[in-house]
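Enquirer: Sharing a structure here in structure tokens format.
The values are calculated or read from the model by the stated rules, or taken from the named source; none is laboratory data. Fair warning: this is a prediction, and the values are worked out from it, not measured in the lab. Cβ placement follows ideal geometry from the backbone for every residue including glycine, while neighbour counts extend to all protein chains displayed. Each accessible area value is taken on the protein alone, full model and side chains, heavy atoms only, with ligands, DNA and RNA left out. Shrake-Rupley method; radii C 1.70, N 1.55, O 1.52, S 1.80 Å.
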Amino acid sequence: MSALTPVLARAEALLQTNRPQEALAELATLPPAEAVGVPATRLRCAALAQMDRWEAVVHAATAGLAASGPDPDLLRHLGRAEHRCGRSQVAERALLDGLALAPQDVELLCTYADVCAANGQADKAAKLVERAAALAPEAPIVYATRIQVAYASGDDKGAQRMSREFVAAYPEHPTAHALLGGTSAVRGQVDTAYEGYRQAAASMPTEQAFAESALELRIARHPLMLPLRPALRFGVLKTWAVAAALIFGLRAIGQPVLSAIVGLLWLVYCVYSWVVPPLLRRFLRRNWH
Amino acid sequence: MQDELFNPTIREQPAPGKPPWRPESIFYPAFFGGPLAAAALGVLNGGRLALPTPQLAAIGAAGLVGFGARLAIAASVDGNAPVRYGAMIAGILVSLVVLAFQRKPFRAYTYRGGEPASLVGPGIAAAIGFGVLEAILILALVR
């Protein structure tokens with residue numbers, strides 16, 4: 001592969017530090033002939049994707065493909081963007097066209113796995129990501145996609161375990177920390193979740209989503225949220241099952257007063273869990289900003 | 001040879017309608033309102049998650065079976081407590097059926113970035129409405 005020109009190299013470096021607008025400005029200085037080439041179009045698509053401008057990614061990738069012919073990387077960008085625009089069937093077509101050109105492209109396999117998982121096809125997604133893992137077991141995108149597919153399958157415990165492995169393999173990778181934060185949050189482990197997002201935000205301060213999630217979890221760690229931790233940790237079903245067993249168990253063994261007290265406390269707890277989090281969120285956000 | 005993993009399998013998602021409720025949240029109105037409340041909310045939520053018709057029918061059938069069990073309890077025992085507890089237990093069981101069908105589709109929905117709708121209003125309405133309906137039917141049919 002030919003070396004990147006200085007402009008493209010600068011744009012790529014800017015993308016790696018999550019500065020897509022500056023990367024686009026850099027790409028805008030290219031002469032017209034180079035601007036429509038595959039390397040420039042790939043970087044433009046990546047920059048627009050970082051800004052969540054998915055329709056613009058579709059436009060850029062389509063123009064690049066029209067100008068330069070089929071390219072697996074541009075087809076991957078096109079597939080991902082079409083999926084984000086809600087056109088999953090079109091996305092699949094683009095990704096399969098890409099895989100027809102490069103069946104062992106790890107990023108294409110993982111992107112297709114992501115699209116399948118989002119469309120309720122977690123089993124197929126798992127097979128795709130395992131194929132990618134056979135080709136590049138230590139690639140960050142393989143770790144990340146495995147975790148996302150596990151989450152989509154409802155395997156929260158497995159997703160969190162894989163996130164820990166991802167962090168162990170790539171202790172400096174912001175996505176690894178963010179995924180550990182996300183998977184821990186799903187399991188109600190707010191301290192681990194906060195730490196994950198805090199480290200992700202520290203590693204990549206330009207990524208607003210990491211900072212926003214860290215802020216949400218800072219709210220979840222507030223002392224007033226402490227009583228709700230068991231419900232977050234064990235889930236609604238288990239918490240309710242314990243409460244109901246206690247209330248009706250006490251009544252069954254001839255302790256109606258105690259049962260009524262526990263029932264009343266449970267009712268207060270339910271109202272607390274319903275009312276306090278939104279009020280606290282509103283109050284803290286107003287004071288922290 | 002054609003690689004079967006590379007066969008197209010994705011169907012276009014229906015245009016986004018009302019966002020679904022979190023299936024776990026149906027547990028609350030099921031506990032207070034009984035099996036019919038759980039089934040009604042489960043069927044509505046299944047429609048929002050675009051579940052196939054047989055699964056919606058299974059949820060509806062579970063609700064009817066749960067209510068039938070409650071009727072049988074009311075017909076065979078004296079006193080109100082067993083009938084009340086029967087409603088709670090049947091409601092919980094139906095909500096578990098709902099969860100079994102809806103957990104994965106709801107995960108796929110959140111994986112796509114979808115946000116769940118609030119069940120507070122519909123949940124309270126279903127718990128009260130179907131709770132009263134079940135009580136009236138039990139009184140009319142077996143008491």
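Enquirer: Which of the following residues is closer than 27 Å to A:GLU207 by Cα, buried (at least 16 other Cβ atoms within 10 Å of the Cβ) and within 14 Å of chain B (Cβ to nearest Cβ): A:ARG42, A:ARG87?
Expert: Just a single option satisfies the conditions, and that option is A:ARG87.
Enquirer: Out of all the residues in segment A:222-232, is one or more surrounded by 15 or more Cβ atoms within 10 Å (Cβ to Cβ), within 12 Å of another protein chain (Cβ to nearest Cβ) and either within 42 Å of the chain's Cα centre (by Cα) or in contact (Cβ under 8 Å) with a residue 40 or more places away in the chain (or both)?
Expert: Within segment A:222-232, one or more residues are surrounded by 15 or more Cβ atoms within 10 Å (Cβ to Cβ), within 12 Å of another protein chain (Cβ to nearest Cβ) and either within 42 Å of the chain's Cα centre (by Cα) or in contact (Cβ under 8 Å) with a residue 40 or more places away in the chain (or both).
Enquirer: Taking the residues in segment A:62-73 that are more than 22 Å from the chain's Cα centre (by Cα), open to solvent by less than 60 Å² (accessible area, probe 1.4 Å) and in contact (Cβ under 8 Å) with a residue 12 or more places away in the chain as candidates, determine which candidate is nearest to the other protein chains (Cβ to nearest Cβ). Steps first, please.
Expert: At the first step, the residues of segment A:62-73 found to be more than 22 Å from the chain's Cα centre (by Cα) are A:62-72.
Among the residues that remain, those that are also open to solvent by less than 60 Å² (accessible area, probe 1.4 Å) are: A:63-65, A:68-69, A:71-72.
Restricting the remaining residues to those that are in contact (Cβ under 8 Å) with a residue 12 or more places away in the chain gives A:63-65, A:68, A:71-72.
Numbers: A:ALA63: 24, A:GLY64: 23, A:LEU65: 19, A:SER68: 23, A:ASP71: 18, A:PRO72: 13 Å.
By that ranking, first place goes to A:PRO72.
Enquirer: Still on this structure, please answer the following. If we scan segment A:168-178, do we find a residue that is over 29 Å from A:ARG80 (Cβ atoms), open to solvent by 20 Å² or more (accessible area, probe 1.4 Å), among the acidic types (Asp, Glu) and more than 14 Å from chain B (Cβ to nearest Cβ)?
Expert: no
Enquirer: Something else now. Looking at (1) of a type in the set (S, T, N, Q); (2) more than 9 Å from chain B (Cβ to nearest Cβ); (3) closer than 30 Å to A:GLY235 by Cβ, which is the one condition that is false for A:GLN104?
Expert: Every listed condition holds for A:GLN104 apart from (3).
Enquirer: In segment B:91-132, what count of residues is obtained for those that are within 14 Å of B:PRO29 (Cα to Cα) and open to solvent by 70 Å² or more (accessible area, probe 1.4 Å)?
Expert: Total meeting the criteria: 6.
Enquirer: Which of the numbered conditions does B:LEU49 fail, given that it passes all the others? Conditions: (1) within 10 Å of chain A (Cβ to nearest Cβ); (2) open to solvent by 40 Å² or more (accessible area, probe 1.4 Å).
Expert: That leaves (2) as the condition not met.
Enquirer: Which of the residues spanning segment A:233-272 are among the polar types (S, T, N, Q), open to solvent by less than 60 Å² (accessible area, probe 1.4 Å) and over 28 Å from A:PRO223 (Cβ atoms)?
Expert: Within segment A:233-272, just A:SER259 meets the criteria.
Enquirer: Follow-up question, since we're still on this one. Among the residues of segment A:123-149, which ones are in contact with an Asp or Glu (Cβ under 8 Å, 6 or more places away or on another chain), more than 10 Å from chain B (Cβ to nearest Cβ) and farther than 19 Å from A:LEU99 by Cα?
Expert: Of everything in segment A:123-149, just one residue is in contact with an Asp or Glu (Cβ under 8 Å, 6 or more places away or on another chain), more than 10 Å from chain B (Cβ to nearest Cβ) and farther than 19 Å from A:LEU99 by Cα, namely A:TYR143.
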